[in-house]
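Working notes, beginning with the structure itself.
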């Protein structure tokens, strides 16, 4: 086995340990040269300046001197000035990155589209309906050979009606016209129109000079007869529905779109439909309406689609599958969904820089489609992110406390990792120096706390009373007493002191 192969084997072992939870141990071993010696000074063995020491599990607590962590059974780790500030990421040798096969992806600004598939049923176009009614009371003299479900052309006769009222009005009009009084004849003709008589029948009376009490009722459009309420010998009243005819030149598809995709469907979107009755054929249409109510049982939204049906092949009741390209129509910042690290409380991506530098960035996510996820906040187009192998880089970043420092609130020692409550119930005494004062809290760099077994460190305490910090300023030396309340350490006593922290 050559030297290069040995390095690769060692790298694989390190990866296995990192993925199994051993990366924390590896980090301690890798930085042991900085923390093994209690006599380390402000300049480490690498020549870099030491800013402070910290426990990688509690990275927000800083210590002035090296030593053993009060939280974990381990040595503190040195933080060097050349490692970057509080937002520093992690650096990995570019050769290692290449050997591990880590993939990258560019942050893009593009329009999010997704193919939405749904099932649908063919139905009548309810906007193309003719309702045939009686305009006046009368009697059915004759019905034509019609039945519900028949397909008829425009102008097809439905029934012949005898309308006595129309017969009397026609006679009156003819009598007035024969008098030669144009005004009276015009008034009599207007009366014919007001009784509901169609213009074609009035013209026929004028041309023939005889009455026509029987009128043929016909359909104004072609289509299928859905209702037929007239039979021979019936008496009909004014406004009674004789028949209802639906046009077949176009049909509707009622599609059931899952609720999770409903927000991406909008009026006017083109689509393609395939019907079980005609395998291999496609029918093009568009969305004409998104109905405002969701089905509570299936959690689907009804979408209305219009399809042309010039040859009459599409028949109501047929089953169809529709597919449409849905989206917001607006450009958005997107990254591959695999590039996102979801911790349960936040979502992050690893931003790749030059020279093997990686920086975790918290992002706010939008909708996801087609393997892409919209990033509402946190990234800009043109940046490069890690698309695979994040667990290796994320483990290294977590060791350095980068992700922990992204939390909004300051981290404090976990109660489970602190000494038992019997040690913290009493007031703990210590001395130190004021570093910062904020409303309700104070930051102190203090010496060892014997009652808790703590070494010297810098940490932020809560104030039991705001007036405890009255008259104090950064740099003042103080003596104080504090207790633990839940996960907080609260200062109960505080006063100036001439001692050395």
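Values quoted throughout were computed directly from the atomic coordinates according to the rules given, and no laboratory measurement underlies them. This one's a predicted model, so the numbers in the text were calculated from it and none came from an experiment. Glycine also receives a Cβ, built like all others from the backbone with ideal geometry; neighbour counts cover every protein chain displayed.
Just a few scattered comments:
- The rule of thumb for compact globular proteins, 2.2 N^0.38 Å, goes into the C-alpha radius of gyration of region 141-199 1.58 times.
- FRET efficiency, 1/(1 + (r/R0)^6) with R0 41 Å, evaluated for residue 142 and residue 175 via beta carbons: 0.90
- Report note on the peptides 351-360, 291-300: ranked by the mean count of other C-beta atoms within 10 Å, highest first, their order is 351-360, 291-300.
- Between residue 368 and residue 51, the contour length at 0.36 nm per residue exceeds the alpha carbon distance by 109.9 nm.
- Note on residue 186/residue 150: beta-carbon distance plugged into 1/(1 + (r/R0)^6) with R0 of 35 Å gives a FRET efficiency of 0.25.
- Shown is the FRET efficiency for residue 476 and residue 289, computed with R0 = 45 Å from the Cβ-Cβ distance and rounded to the nearest 0.05: 0.05.
- Sorted by Cβ density within 10 Å, fewest first, the residues 140, 119, 257: 119, 140, 257
- Theoretical gain in end-to-end length, residue 496 to residue 68 [0.36 nm per residue, Cα-Cα removed]: 151.2 nm
- Label zone at residue 465, where the point sits 7 Å out along the Cα-to-Cβ direction: region 471-500 residues whose backbone N lies under 12 Å: 492-494
- Directionally averaged shadow of region 194-287, computed from the convex hull of its alpha-carbon atoms, nm²: 12.0
- Inter-part distance where region 189-252 and region 427-501 are each reduced to a Cα centre, Å: 97
- Fewest-first sequence of 319, 461 by Cβ atoms within 10 Å of each Cβ: 319, 461
- Region 129-246: equivalent-ellipsoid semi-axes (sqrt of 5 x gyration tensor eigenvalues, Cα, Å): 30, 13, 11
- Rule-of-thumb Rg ratio for region 415-496 [Cα; 2.2 N^0.38 Å; N residues]: 1.02
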